[in-house]
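The values are calculated or read from the model by the stated rules, or taken from the named source; none is laboratory data. All figures in this text were calculated on a predicted structure; none of them were measured in a lab. Here the Cβ positions follow ideal geometry from the backbone for every residue, glycine too, while neighbour counts run over all protein chains shown. Ligands, DNA and RNA are stripped out before the accessible areas are found, and what is left, the full protein with its side chains, is counted by its heavy atoms. Shrake-Rupley method; radii C 1.70, N 1.55, O 1.52, S 1.80 Å.
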Amino acid sequence: MIGVDWATYVQLLALVQNSIVAAAVLGIVGGLIGVFVMQRDMAFAVHGISELSFAGAAAALLLGLNVVAGSIVGSLIAAALIGVLGAKARDRNSIIGVLMPFGLGLGILFLALYPGRSGNKFGLLTGQIISVDLPQLGLLIAISLVVLIALLIVWRPLTFDSLDPEVASARGVPGRALSIVFMTLLGLTVAVSVQIIGALLVLALLVTPAAAALRVSASPVLVPVLSMIFGFVSAVGGILLALGGSLPISPYITTISFGIYLVCRLVGQRTVRRAEASRWARSSA
């Protein structure tokens, strides 16, 4: 590790064990829900929710309240607005485009009024390593379990509605209700992710792992599994690397996540080329 000997590194690991557990949980949950984010083409929505999540967290910081609770309130407000008003993709993108600058502006205002340490302000944007205490970890795990259980309950109809909404609607699948449920779960996931990776970079855990998994497989079973593995490696690996340096945690997480995506993209391109070459060879025979 750069600038840190092994004995010191082991001591640092003990200090951030809560954050490591939190990162592992978020990597798994973010990777799983990210599959639906990609299927429903809602990567932009993740960023929109994160902006209001940031505003809620900044307001809580200013008022001396629980930052995670403030982040959850902001995320749920954004998720409800997008889920109720953005049934169509065009409407959804317009709403997100309006919410993003509004949420970011509010967050900046609250941080400007906050008289405390600048590190607390910066942490809301880029994440913090030693910031997860036992109550926060318990809340994070509880919310993550709620998200996981809810996703398992609505997995089949949500998958159907995500892949073919018109046919799903014709078959009686309640698309609007599913949209609201999914946006609520997404809002909760974004809110708890802010504490680890920061409001501006949650896409690295909620979009990139799933995007990478979809590059190497189309299996309805393998894609979620790979996405969760990629999210876990990115989040936990980012913390483990950050302990050995002086940079915030988020650059490490985003770099690992992006590196995994590049590798999967290359593997996917080679697989496609081999399949095309095989088909060409069979047709020429």
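Observations, loosely collected:
- Assigned charges on the beta-carbon of Lys, Arg, Asp, Glu; the chain dipole about Cα centre (debye): 780 debye
- Inter-centroid distance (Cα atoms) of the range 35-50 relative to the range 198-265, Å: 15 Å
- Probe 1.4 Å - accessible area at Thr184, Å² to nearest ten: 50 Å²
- The stretch between Leu222 and Ala14, if pulled fully straight at 0.36 nm per residue, gains 71.5 nm over its current Cα-Cα span.
- Three principal axis lengths of the range 148-226 [C-alpha, angstrom, descending]: 40, 29, 21
- Calculated mean residue ellipticity at 222 nm for the chain: -27500 deg cm²/dmol, from DSSP H runs with n ≥ 4 weighted as -39500 (n - 2.57), summed, divided by the residue count and rounded to 500.
- Prolate/oblate/rounded call for the range 1-68, Cα gyration tensor, a/c under 1.5 rounded: oblate
- Only helices reaching 24 angstrom along their own axis (Cα) with mean Kyte-Doolittle hydropathy no lower than 1.6 count here, and for the DSSP H runs of the chain these are 17-39, 67-85, 134-153, 175-197, 222-242.
- Listed residues Trp155, Trp6 arranged by accessible area, highest first, probe 1.4 Å: Trp6, Trp155
- Cα-Cα pairs of the range 180-239 separated by more than 14 Å (percent): 59 percent
- For the chain, fraction of C-alpha pairs farther apart than 36 Å, in %: 18 percent
- Mean accessible surface per residue for the range 151-276, computed with a 1.4 Å probe while every protein chain stays in place, in Å²: 47 Å²
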